[in-house]
Structures are given as C-alpha cells and as structure tokens.
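First up is the structure itself, then whatever we jot down about it.
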Amino acid sequence: TVRVWDASTGKAVHVLRRHNKLVLSVCWSPDGSRLASGSTDWTVRVWDASTGKAVHVLRRHNKLVLSVCWSPDGSRLASGSTDWTVRVWDA
C-alpha cells in the first residue's frame, strides 16, 4: 500500500492499494502528475497523482523491484530489481 499525504494537513489524500506485497520504492514524476511504485510483488505501477488511480502495471521483472526513478523530462521510468536488471520504460 502507498499512502499520499497532504503535508499541510497531515491527512491522507490517496491510499493506493493495488500491490500484492510490500512497496519498496516510490517516486514522483518531474511534473507531479504521476507517481511510480516498485514492489516485492515484482511489479512497477504508475498512478495518476490527482485521482489515485493506477494507470499502468509494468510486469517484466522476475524478482522484487528495489527502485523506481523518472527521467528528468518525465518521458521514461527506470526500475531496478534483484533479478539483476534495470529496465527503462517509455512513460
């Protein structure tokens, strides 16, 4: 589960519940419109930051996903896994 909090109020804005196991990494897109998360369920998920809805599920890793990070222009998303791969996705 990923929780998005309003820093000024301390209240949860969204609770993102589509991962089946622990989430190890999250990263905002440079423009703030999307959030990426990587999990021990071997998936990367991309979320719409304004609605909290999952917009993509990326399933090419064969082991847990340790990290996710957007490119500076937001056009790509990189994910690193314990399957010894780094994948670069078109965002």
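Among all positions in region 48-68, there is no residue which is surrounded by fewer than 11 Cβ atoms within 10 Å (Cβ to Cβ), at pLDDT below 95, of a type outside the set (A, V, I, L, M) and touching a strand residue (DSSP E or B) at 6+ places or on another chain (Cβ under 9 Å).
GLY38 falls short on exactly one of the conditions (1) closer than 11 Å to ALA91 by Cβ; (2) open to solvent by less than 80 Å² (accessible area, probe 1.4 Å); (3) part of a strand (DSSP E or B), and that condition is (1). Residues that are touching a Ser or Thr at 6+ places or on another chain (Cβ under 8 Å) and open to solvent by 30 Å² or more (accessible area, probe 1.4 Å) within region 75-87 comprise ALA78, VAL86, ARG87, listed in sequence order.
The residue pairs whose first member lies in region 1-29 and is within 16 Å of VAL46 (Cα to Cα) and at pLDDT 95 or above, whose second member is open to solvent by 50 Å² or more (accessible area, probe 1.4 Å) and not aliphatic (A, V, I, L, M), and whose beta carbons are closer than 6 Å, counting only pairs six or more residues apart or on different chains, are SER25/SER67; CYS27/CYS69. Residues that are of a type in the set (A, V, I, L, M, F, W, C) and under 14 Å from SER37 (Cα atoms) within region 51-87 comprise ALA54, VAL55, VAL57, LEU58, LEU64, VAL65, LEU66, VAL68, CYS69, TRP70, LEU77, ALA78, listed in sequence order.
A residue that is in contact (Cβ under 8 Å) with a residue 40 or more places away in the chain and touching an Asp or Glu at 6+ places or on another chain (Cβ under 7 Å) cannot be found anywhere in region 54-68.
The values are calculated or read from the model by the stated rules, or taken from the named source; none is laboratory data. Here the structure is a predicted model, which means the values were calculated and not measured. When we count neighbours, we look across all protein chains shown, and the Cβ atoms used for this are built from the backbone with ideal geometry, even at glycine. What goes into the accessible areas is simple: the full protein's heavy atoms, side chains included, and nothing from ligands, DNA or RNA. Shrake-Rupley method; radii C 1.70, N 1.55, O 1.52, S 1.80 Å.
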